[in-house]
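Peer 1: For reference, the structure I am asking about is given below.
The values are calculated or read from the model by the stated rules, or taken from the named source; none is laboratory data. If you're wondering where the values come from, they're calculated on a predicted model, not measured in any experiment. Positions of Cβ are backbone-derived with ideal geometry, glycine not excepted, and every protein chain shown enters the neighbour counts.
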Amino acid sequence: MVIKKQTIKLKKVQKNSKPSFEKNKKITKKPVVKTKATVDNKGSEVTKKTEEKKPSKKFSKDLAPLRGMKDILPKDEQFWKAAHHEAEDIAHAYNFGWIETPILEEVSLFIRSIGKGTDVVDKEMYVFEDRDGSKVGLRPEATASLVRSYITNGMQSESQPVKVWTCGPMFRHDRPQAGRFRQFHQFNCESFGVKDASVDAELIVVAYNFLNDLGISSTVFINSIGSKEDRDNYTIELVAYLRSKRSYLCDDCKKRMNKNPLRSLDCKVEQCQPVIEDAPKIIDWLGVESKKYFMKVLEYLDELEVPYMLQPTLVRGLDYYTDTVFEIYEDQDKADTQKSSQGALGGGGRYDLLIGQLGGQPTPASGFAIGLERVVMALKNLKEKGKNIPIVEKRSKIFFAQLGDQARMRALGLIEKLRREGVLVYHNIGKSSLKGQLELANKYGVTHSLILGQKEVLDGTIIIRDMDSGIQEIVDQQKIKQELKKNNLITIKSE
RNA sequence: GUGGCCAUGGUAUAAUGGUCAUUACUUCGGUUUGUGGUACCGAAAAUACGGGUUCAAUUCCCGUUGGCCACCCCA
């Protein structure tokens, strides 16, 4: 029996005897020499030196996930599941087919679609050399891959439009921030093959309903950037205008003027605002066709009662868009306008030139992406405010406790048998004390526990304990299911 | 990529240029070795990493890494 224990840190010693291998982080961790003074049963004192230092139990930093990447943990399961289920439901409801494409693709696919000169391609892509020397990249978004898939799988010969959806991780080497990660997840819907305002409107309504069904109220910000010619003409005009106001602009905008003038319209710097307000509006430069098309989209949205705002300054950072572009934002309470998270939950638009540009038959297309991390963030916020969110929780109401070696041996078999019959039970076979197991049962919030002990094993029976009243019933092991069913406690797996 | 703030057990925190680094939750064990919710007792568990100043650094300084936030950009 240990009566006394003391630990002495010998700082001085380790300082002076600094080992030469100090570069090794784990070993440099302060060595601690522990001395335990113990007294054995007979009362004689024994001093023993425990082994030199133990390496730090703290995990070393290089074990942590990479910067901007996160483990998604069980505590957040409900939010993620809610989002995933809703994605699946809504995509299904609108007849989108599920598709999954590789995360890794030839780099040129992304460069050719998203566009050289965009930040996503120039600064944020994970690119590396494959073993054969070819350049591959982690997808920074899904549209390029989906378009590639449409082409390489000959989907142009299916009945149009071809509508697909996917969910999965995307990668951008960005600086992590609220709602922004290097690996993040998107829900994507794309519609290929038909150019019609109704297609755009449907996509927008899908995005809107996805959020709405999750309890997130949102507004769509929408604009049209017209055809490529419209945009080129407009860009020339805009640059000329910005040049004339050059001295009033912020430094970023001065740079953007050459690189990506449309983005200046998005500038949030205060000094630029008056200039932006007076800037020529792209909508005035749309060709007749584009203008008509845009009006039609808006009409549909009115019809569908999707709340939207025209935003003449909305352009998007990816090159492939034409005509309709939109972003969707969570409606903020006035109370938390201060509270950051100003990123869009999702965005998208029409890209009629992309498929042809990548080598397919020229085919119109339109789509959107929603960031699941941001959705999950919004869901968490809502829950904090006590709002109801469609949480997916499959909980069993029953705990299975076992006691004694034979019972333990029997337990797994019984649990398996119950599972096959569609009865799910919580259990912790690793624990041996009944007390500990019932504690757990309590924590799980079950209403009843099954208790199997030595005696029950021999009798072929089992105890059913009502956790509220404490009343116990002994039933035949063969009749567990019936008993539980009688009390309406069963979570049947199928159906 | 730029800037601001930050770094103490698993989580959340307290404190200090010099005994054994505080507290709570969690985890584990015990208070009846067949009965949970409460109570009590006990245990495990931390100064991110590297360097500098100092007799002495968890504390002060620098660097690295990471986190949060904003910009850029985007989801």
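Peer 1: Does the stretch A:291-304 include one or more residues that are at pLDDT 95 or above and under 27 Å from the mean Cα position of the chain (by Cα)?
Peer 2: no
Peer 1: Another question, then. Checking the structure you have, find out if any residue of the stretch A:425-433 is more than 9 Å from RNA strand B (Cβ to nearest atom), buried (at least 19 other Cβ atoms within 10 Å of the Cβ), in the same structural domain as residue A:477 (by TED's automatic domain parsing) and part of a loop (DSSP other than H, G, I, E, B). If you could, list the steps in order and put the result at the bottom.
Peer 2: We begin by selecting, within the stretch A:425-433, every residue more than 9 Å from RNA strand B (Cβ to nearest atom); these are A:425-427, A:429.
Checking which are buried (at least 19 other Cβ atoms within 10 Å of the Cβ) leaves us with A:425-427.
With in the same structural domain as residue A:477 (by TED's automatic domain parsing) added as a condition, the list becomes A:425-427.
Narrowing further to those that are part of a loop (DSSP other than H, G, I, E, B): A:425.
Yes, some residue in the stretch A:425-433 is more than 9 Å from RNA strand B (Cβ to nearest atom), buried (at least 19 other Cβ atoms within 10 Å of the Cβ), in the same structural domain as residue A:477 (by TED's automatic domain parsing) and part of a loop (DSSP other than H, G, I, E, B).
Peer 1: Moving on. Quick check on the stretch A:458-479. Is at least one of its residues within 16 Å of residue A:408 (Cβ to Cβ), among the basic types (Lys, Arg) and surrounded by fewer than 16 Cβ atoms within 10 Å (Cβ to Cβ)?
Peer 2: We begin by selecting, within the stretch A:458-479, every residue within 16 Å of residue A:408 (Cβ to Cβ); these are A:458, A:462-463, A:477.
Checking which are among the basic types (Lys, Arg) leaves us with none.
Within the stretch A:458-479, none of the residues are within 16 Å of residue A:408 (Cβ to Cβ), among the basic types (Lys, Arg) and surrounded by fewer than 16 Cβ atoms within 10 Å (Cβ to Cβ).
Peer 1: Residues to consider are A:274, A:280; find the one that is surrounded by fewer than 18 Cβ atoms within 10 Å (Cβ to Cβ) and either outside any helix (DSSP H, G or I) or of a type in the set (Phe, Trp, Tyr) (or both). Give the steps one after another, and end with the answer.
Peer 2: Details: A:274 fails: either outside any helix (DSSP H, G or I) or of a type in the set (Phe, Trp, Tyr) (or both).
That would be A:280, the only listed residue that is surrounded by fewer than 18 Cβ atoms within 10 Å (Cβ to Cβ) and either outside any helix (DSSP H, G or I) or of a type in the set (Phe, Trp, Tyr) (or both).
Peer 1: Scan (1) crowded, with 17+ Cβ neighbours inside 10 Å; (2) at pLDDT 95 or above; (3) away from RNA strand B (no atom under 13 Å from the Cβ) for the single condition residue A:100 breaks and write down its number.
Peer 2: (1)
Peer 1: While we're on this one: Anything in the stretch A:430-452 that is under 16 Å from residue A:406 (Cα atoms) and of a type in the set (S, T, N, Q)? List them, or say none.
Peer 2: Taking the stretch A:430-452 and keeping what is under 16 Å from residue A:406 (Cα atoms), we get A:430-434, A:450-452.
Across the stretch A:430-452, the qualifying residues are A:432, A:433.
Peer 1: Can you say whether residue A:449 is buried (at least 19 other Cβ atoms within 10 Å of the Cβ), within 40 Å of the chain's Cα centre (by Cα) and near RNA strand B (Cβ under 8 Å from one of its atoms), as far as the supplied structure shows? First the steps, then the outcome.
Peer 2: Numbers: buried (at least 19 other Cβ atoms within 10 Å of the Cβ): yes; within 40 Å of the chain's Cα centre (by Cα): yes; near RNA strand B (Cβ under 8 Å from one of its atoms): yes.
Yes: the conditions hold for residue A:449.
Peer 1: Do you know which of the residues in the stretch A:153-211 that are among the aromatic types (Phe, Trp, Tyr) and buried (at least 23 other Cβ atoms within 10 Å of the Cβ) is farthest from the chain's Cα centre (by Cα)?
Peer 2: Of the stretch A:153-211, the ones among the aromatic types (Phe, Trp, Tyr) are A:165, A:171, A:181, A:184, A:187, A:192, A:208, A:210.
Then keep just the ones that are buried (at least 23 other Cβ atoms within 10 Å of the Cβ); that gives A:165, A:187, A:192, A:208, A:210.
Values: A:165: 16, A:187: 9, A:192: 25, A:208: 18, A:210: 15 Å.
Looking at the filtered set, the residue picked out is A:192.
Peer 1: Tell me, which strands (runs of 3 or more DSSP E) lie completely within the stretch A:153-260 with 1 or more residues that are over 30 Å from residue A:104 (Cβ atoms)? Give the steps one after another, and end with the answer.
Peer 2: On the way: elements: A:162-171, A:183-192, A:218-224.
Filter on the stretch A:153-260 gives A:218-224.
Peer 1: For the structure I just gave you, tell me whether residue A:456 is in a helix (DSSP H, G or I), without any contact (Cβ under 8 Å) to a residue 60 or more places away in the chain, near RNA strand B (Cβ under 8 Å from one of its atoms) and out of contact with any Ser or Thr (no Cβ under 7 Å at 6 or more places or on another chain). Before you say what the answer is, go through the steps one by one.
Peer 2: Details: in a helix (DSSP H, G or I): yes; without any contact (Cβ under 8 Å) to a residue 60 or more places away in the chain: yes; near RNA strand B (Cβ under 8 Å from one of its atoms): yes; out of contact with any Ser or Thr (no Cβ under 7 Å at 6 or more places or on another chain): yes.
Yes: the conditions hold for residue A:456.
Peer 1: Could you run through the stretch A:357-389 and say how many residues are under 23 Å from the mean Cα position of the chain (by Cα) and not in a strand (DSSP E or B)?
Peer 2: The number of residues fulfilling the criteria is 18.
Peer 1: Could you check residue A:117 against (1) within 19 Å of residue A:168 (Cα to Cα); (2) touching a residue at least 40 places away in the same chain (Cβ under 8 Å); (3) touching a helix residue (DSSP H, G or I) at 6+ places or on another chain (Cβ under 7 Å) and say which number it fails?
Peer 2: Residue A:117 satisfies all of (1) within 19 Å of residue A:168 (Cα to Cα); (2) touching a residue at least 40 places away in the same chain (Cβ under 8 Å); (3) touching a helix residue (DSSP H, G or I) at 6+ places or on another chain (Cβ under 7 Å) except (1).
Peer 1: Can you tell which of A:422, A:470, A:436 is within 14 Å of RNA strand B (Cβ to nearest atom) and in a loop (DSSP other than H, G, I, E, B)? Full working, then the answer.
Peer 2: Numbers: A:422 fails: within 14 Å of RNA strand B (Cβ to nearest atom); A:436 fails: in a loop (DSSP other than H, G, I, E, B).
Going through A:422, A:470, A:436 in turn, just one is within 14 Å of RNA strand B (Cβ to nearest atom) and in a loop (DSSP other than H, G, I, E, B): A:470.
Peer 1: Can you tell me which of (1) within 30 Å of residue A:85 (Cα to Cα); (2) touching a residue at least 40 places away in the same chain (Cβ under 8 Å); (3) surrounded by 16 or more Cβ atoms within 10 Å (Cβ to Cβ); (4) aliphatic (A, V, I, L, M) is the one residue A:415 doesn't meet?
Peer 2: (2)
Peer 1: Something else about it: Does residue A:89 satisfy the criteria of being surrounded by fewer than 18 Cβ atoms within 10 Å (Cβ to Cβ) and part of a helix (DSSP H, G or I)? Break it down into steps so the answer makes sense when it comes.
Peer 2: Numbers: surrounded by fewer than 18 Cβ atoms within 10 Å (Cβ to Cβ): yes; part of a helix (DSSP H, G or I): yes.
Yes; evaluated as a whole, the condition is true for this residue.
Peer 1: Here is a further query. Could you list, ordered by first residue, the pairs with Cβ atoms under 8 Å in which the first is in the stretch A:145-157 and at negative phi and the second is part of a helix (DSSP H, G or I) and aliphatic (A, V, I, L, M), at least 6 apart or interchain?
Peer 2: A:145/A:109; A:147/A:354; A:147/A:355; A:148/A:109; A:149/A:155; A:150/A:355; A:151/A:355
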